[in-house]
Structures are given as structure tokens and as C-alpha cells.
1. Accessible area per residue for region 236-330 in Å², computed with a 1.4 Å probe and the full protein assembly in place, what is it?
2. How much mean residue ellipticity at 222 nm does the chain get from its helices, if each DSSP H run of length 4 or more adds -39500 (n - 2.57) and you divide by all residues, to the nearest 500 deg cm²/dmol?
3. Going by Cα centres, region 121-142 and region 398-458 are how many Å apart?
4. Once you have all Cα-Cα distances for region 195-330, histogram them in 5 Å bins from zero and send the whole-percent values.
5. Taking the alpha-carbon centroid of each part, what is the distance from region 152-228 to region 241-299 in angstrom?
6. Relative contact order for region 16-155: what is it in percent, counting Cα pairs under 8 Å that are at least 6 residues apart?
7. Using a 1.4 Å probe on the protein heavy atoms, what percent of the accessible area of the chain belongs to carbon and sulfur?
8. Report the net charge of residues surrounding residue 111, where surrounding means a beta-carbon distance below 14 angstrom and charges are Lys +1, Arg +1, Asp -1, Glu -1.
Amino acid sequence: MGGCPVNVNSMRNVSIIGAGLVGCLAAIYLARRGYEVNIFESRSDSRAGCTDTGRSINLAMSCRGITALAEAGILSVLEKLMVPMRARAIHDENGRIKYQAFGRTHDEHINAIQRNDLNRLLLDEAGKFPSVHWHFDTTLLSLDVSKKTAHFRRRDGSEFLHAYRHVIGADGAASQVRDSLQRQGLIGASRTFFPHGYKEITIAGAASTHLAREHLHLWPRTSFLLLGNPNLDSSVTGSLFLPMDGQNSFADLDSEPRVRAFFEQAFPDVFPAMPDVAGDFLDHPTGRMSTVKSSPWYYDDQCLLIGDAAHGLIPFFGQGMNSGFEDCRILNELLDRHHDDWWQVMPAFYRLRKPDTDAVSEMSMANYHEIQTGILDEHFNLKKQLEQNLMRRYATRYVSKHVLVMFSNTPYAVALAHGRLQSKLLDSICRQAGRIEDVDWLRVDALMQEYDKELALL
């Protein structure tokens with residue numbers, strides 16, 4: 001077998017498996033620290049025109065991702081790719097639209113960004129460092145932790161061994177690094193597939209339709225969901241989430257007439273703005289979603305999992321990329337704190353991040369139920385109105401779970417704990433108020449006193 005030489009006696013050497021979003025950002029952080037970085041990627045270089053066309057869910061960049069990019073020194077380069085999303089626009093079956101702000105003010109917003117554009121820019125930024133070396137079309141087959149070697153296969157079928165000092169698995173939910181460590185009995189891991197898949201559907205430019213600009217558009221239905229993210233050119237990228245099997249499923253919608261009839265009936269207000277809905281549906285691949293759990297995320301001082309490889313999420317809270325970028329930032333902080341002693345860094349990283357990623361996984365599943373069915377419920381919408389009022393009336397005391405997650409770097413586990421208390425408070429207020437006009441604010445003042453006490457105990 002051929003080899004990929006590396007100075008394994010140097011502590012300043014890291015091999016990264018995966019040149020996706022998290023792998024590239026990790027490479028940038030490590031190169032800035034003076035590390036020699038080898039990145040191995042099973043796919044071709046997307047900058048050469050090889051992209052996952054029709055497969056990507058548009059991403060929502062929020063505070064955690066922005067903070068990580070800023071600390072890596074590359075936020076200003078990437079800001080030009082972002083489109084503000086200031087609120088949800090919820091479309092019911094009769095064409096009525098409700099709006100729900102994401103933040104407390106007009107300027108508190110999340111940002112839509114296309115995955116492929118972001119990945120290409122991160123590849124460019126990482127490639128500016130001469131210490132970063134690329135190995136595309138190269139698939140990891142296994143790790144031998146006893147010899148500190150990684151076994152790879154190139155696209156032409158040739159195989160080689162690569163000696164490593166430290167290896168980071170940033171190779172996503174289908175991580176070969178994680179699977180290799182699990183096969184050797186070094187970690188425990190599971191991957192649970194969500195019963196829905198997704199398809200990318202093109203929606204015409206917002207300028208030519210009634211779709212509000214700078215909004216995340218949602219068409220929630222009983223057993224499926226269409227989500228629309230705005231793009232820089234005013235078009236909207238739709239992501240259709242459908243069951244894999246059964247009525248109105250990917251298995252069921254197997255012909256152009258069926259596809260067109262389904263969209264025309266389910267989404268009549270936006271169907272005319274879909275230029276080739278049948279072609280998109282039948283030609284684009286079906287994406288799968290899953291939740292990944294693993295424990296621990298490391299082995300000795302040599303192997304570490306980050307991002308979806310360690311803690312994959314379903315995408316309904318918009319935190320997959322953000323939590324992965326936060327991993328990179330916190331890993332860098334721990335390398336600072338422990339003076340690049342990976343024996344200390346790897347277990348510290350796992351202990352610090354595991355409770356938070358468990359919490360965001362739980363919140364992601366809860367948010368799926370919220371955007372699938374909750375936003376159609378009047379009682380739920382009352383609670384959303386009430387939260388906005390609470391954040392205005394008690395600005396220094398009440399910050400919603402969603403705001404903590406989207407617009408701060410508050411640990412996810414802390415945000416989840418706040419959310420549980422807030423749910424109790426909202427339920428208590430709504431028991432005696434069917435409309436926002438019916439709320440007894442003197443009673444709320446008293447309830448807030450109790451809320452403050454419970455919050456202080458967290």
C-alpha cells in the first residue's frame with residue numbers, strides 16, 4: 001500500500017476525516033494554532049463543480065454559528081451569503097398567513113444560507129493556510145488505534161495507510177470514524193432514522209409571488225410539512241418533509257400526475273410558483289434524517305468525534321450546523337485552556353458538550369412537533385403571543401427558550417431548563433385566559449415572582 005507521510009512525532013499534527021462544514025471550520029481553527037492538518041473527504045472537491053444538487057436542506061445560521069465564525073476570523077467573508085429571516089410565515093390550507101417573530105426586535109433574526117455555497121467558501125478559507133492538505137475522493141475504511149493508522153481507499157480503487165497523531169471524525173451522521181471505533185468496542189453509538197425523508201423543491205422568486213421577503217415560510221399539514229428558505233436571488237428553496245411510506249409518502253407519489261395533484265391540493269397558494277415541481281420531486285434524491293447518540297466521543301488522546309458524527313440532530317430547530325460550529329469554537333477554547341494537551345482536551349470536551357448536545361437533540365424533536373402541528377393550534381399561538389408580551393414587560397427577567405437558543409451562546413442544557421419552567425408559567429397563565437386581551441397582568445406579576453425563585457435555583 002502507498003502511504004500518506006506525516007511526522008507522527010510532532011504534536012502539532014491533526015488528521016480530519018470529512019471536509020464538510022464542521023471539518024473545514026475545525027481545520028481553520030487548528031491551522032490558526034499552527035497545526036499541520038490533513039483533511040480526507042470521500043466526495044470530490046465541490047469547488048470543481050461537484051455538488052450535492054437537489055439534496056441539501058438550506059441552513060439557518062444563528063448566534064452560535066456566527067460566534068464561531070467570528071472567532072475563527074472569517075465572519076466578514078461569509079456574511080455576504082446570508083439572507084435575514086426575521087419571522088415565521090405560517091401558511092394554512094386556506095391561504096391565510098400568520099406571522100411569528102423569531103426575536104424580540106426587528107434586528108434580532110436568524111439567517112438563511114445555502115449549504116453548498118457555505119461549504120465552498122469554507123474550503124477556500126481553509127485552503128489559504130499552507131499547512132492544510134486536501135485528500136478528496138478518499139474514503140476511510142478503518143482505524144487501527146493500536147498502530148495509529150487509518151486505512152483509506154481512493155476513487156481509483158487503490159488503498160493506503162496514513163499514520164496519524166490525532167484524528168478528528170467530522171464525517172457526519174454516517175461517520176466511518178464513529179463506526180470504526182464502535183466496531184472495536186471503544187465507544188457505544190446508535191443512529192435512529194426519522195420516519196420522514198425530505199426533497200428539495202424550487203419555488204420561484206419572492207418578487208414574483210406573494211411570499212414575504214426575509215421570512216421562513218412554513219406550510220404545516222397533518223402528516224407532512226413544506227418549509228421555504230429565502231435565497232440571495234429572491235427565490236425560495238423548498239424542503240418537503242414526507243413520510244417514507246403510506247398515503248402521501250415518497251413511496252406513494254411515484255408519477256408526475258400524482259405529484260402534481262398532491263402539490264396542487266396540499267399547497268394551492270404556492271403551487272403556481274413551483275416551475276417544475278414534478279421534475280424536482282422525481283429527479284432529486286430523497287434525503288434521510290437521523291438522530292445520532294454516542295458515548296464517549298473520544299479514545300485516549302488520539303480520536304475525537306465532533307458535529308453530527310458525535311451528536312447528529314434532526315433539522316427542525318436549525319441547530320445542526322450551529323452546534324457543530326460551536327463544537328469547533330469550544331474545542332479551540334479547551335486547547336487554549338489545556339495548552340494543547342489532548343489527553344486533557346478530549347475528555348473535557350466530551351464532558352462539557354455532551355449534556356448540551358443531548359439537550360438540543362431533545363429540543364429539536366420538540367420543535368418538530370411545534371412546527372408540524374403546534375403552530376396550527378390557537379392555544380399554542382396564544383402562548384407565542386404571551387411570550388412576546390412577557391419579554392417586553394419583564395425584559396431582564398424573562399427570555400424565552402427559543403431566544404436563548406437562537407440569539408445567545410447560553411448552554412443548550414440551560415436553555416432547556418429555562419424552557420421547562422417557562423412552559424409551566426405559560427400553562428398557568430393560559431388556564432385563566434383564552435385570549436391575550438384576557439390576561440390578568442396583576443396575577444402574572446405574582447406568578448413571575450415564583451418564576452424568578454425557581455429560575456434562581458437552576
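The values are calculated or read from the model by the stated rules, or taken from the named source; none is laboratory data. These numbers come from a predicted model, not from an experiment. Positions of Cβ are generated from backbone atoms using ideal geometry, with glycine treated the same way; all protein chains shown enter the neighbour counts. In case anyone asks, the SASA skips ligands and DNA or RNA and just uses the protein heavy atoms, side chains included. Shrake-Rupley method; radii C 1.70, N 1.55, O 1.52, S 1.80 Å.
1. Numbers: 3130 Å² over 95 residues.
That works out to 33 Å² per residue.
2. On the way: 14 runs with 175 residues, N = 458.
Rounded to the nearest 500, the figure is -12000 deg cm²/dmol.
3. Cα centres, region 121-142 to region 398-458: 45 Å.
4. Each 5 Å bin holds this share of Cα pairs: 2, 9, 17, 19, 15, 13, 10, 7, 5, 3, 1, 0.
5. Between the Cα centres of region 152-228 and region 241-299 lies a distance of 15 Å.
6. Numbers: 204 pairs, mean separation 46.6, N = 140.
With pairs under 8 Å counted, the relative contact order is 33 percent.
7. On the way: 9510 of 19030 Å².
Carbon-and-sulfur percentage of accessible area, whole number: 50.
8. Numbers: positive: 64, 80, 86, 115, 213; negative: 79, 107, 108, 117, 214.
My count for the surroundings of residue 111 gives 0.
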